[in-house]
Structures are given as structure tokens and as C-alpha cells.
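These notes are about the structure you will find just below.
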Amino acid sequence: MTQQDSQLATFVERYKALEDEIKLLQEDKKTLILDLKEHHGITPKVLRKAIRVAKIRTDMAQDITEFDQIVDQLEGVIK
């Protein structure tokens, strides 16, 4: 096996390990959300959208006022 083959094999092993970790984390996230639904009655779909909006609002920081004004205008137009 050449050095390049060895490096590629190492890469593939690490890549697969990361994919497995991601799957486990996604399962943990799903379990966490379902637990919240069962114990607190929060709808997963609503929670996911609320998290998405909270992230957007956090990212907007100083421009949040302008963002809110545009969203208000769009809400009247988009159905």
C-alpha cells in the first residue's frame, strides 16, 4: 500500500466515523424534541420554526429593526 493509499484509507475511516457521529447527534436531537413534546406539549414543527427564527434574529443583531419592518411588510403580501 502506498502512502497515498494509506492517507486515503485514513480519510475514509475518519469520514465514516464523523458520519456515524452526525447520525447519533441527529437521533439525540430528535429524541430531545420528542421528549419536549411529550412532557410539555410543544409541537416539534413549531419548535423547529421558532428555533430557526431565533437564530435569524440573533444573526441580525444590529439590523433587527429593519428586519422586523421588512417581515411586517411581507406578512401583508405573502399568503
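Things worth noting here:
- In order along the range 10-16, phi translates into HN-Hα couplings of 4, 4, 4, 4, 5, 4, 5 Hz, rounded to whole numbers, per the Karplus curve 6.51 cos²θ - 1.76 cosθ + 1.60 with θ = phi - 60° and x for Gly and Pro.
- In sequence order, calculated HN-Hα J values of the range 30-39 (Karplus, 6.51, -1.76, 1.60; Hz; x Gly/Pro): 4, 4, 4, 5, 5, 5, 5, 5, 5, 9
- Accessible solvent surface per residue of the chain, calculated while the other protein chains remain in place, 1.4 angstrom probe, Å²: 96 Å²
- Short to long, the 5 Å bins of the Cα pair-distance histogram for the chain hold 3, 12, 10, 13, 12, 10, 13, 9, 7, 6, 4, 2, 1 percent of all pairs.
- Separation of the Met1 and Arg48 label points, Cα + 7 Å toward Cβ, nm: 3.9 nm
- Ellipticity at 222 nm from helices only: DSSP H runs of n ≥ 4 in the chain, each -39500 (n - 2.57), divided by the residue count, give -30500 deg cm²/dmol.
- Built amide H within the under 5 Å cut-off of Ile42, gap 5+: Lys37
The values are calculated or read from the model by the stated rules, or taken from the named source; none is laboratory data. Keep in mind that this is a model prediction, so the values were computed, not measured. Cβ: placed from backbone, ideal geometry, glycine included. Neighbour counts: every protein chain shown. Keep in mind that these areas ignore ligands, DNA and RNA; they rest on the heavy atoms of the full protein, side chains included. Shrake-Rupley method; radii C 1.70, N 1.55, O 1.52, S 1.80 Å.
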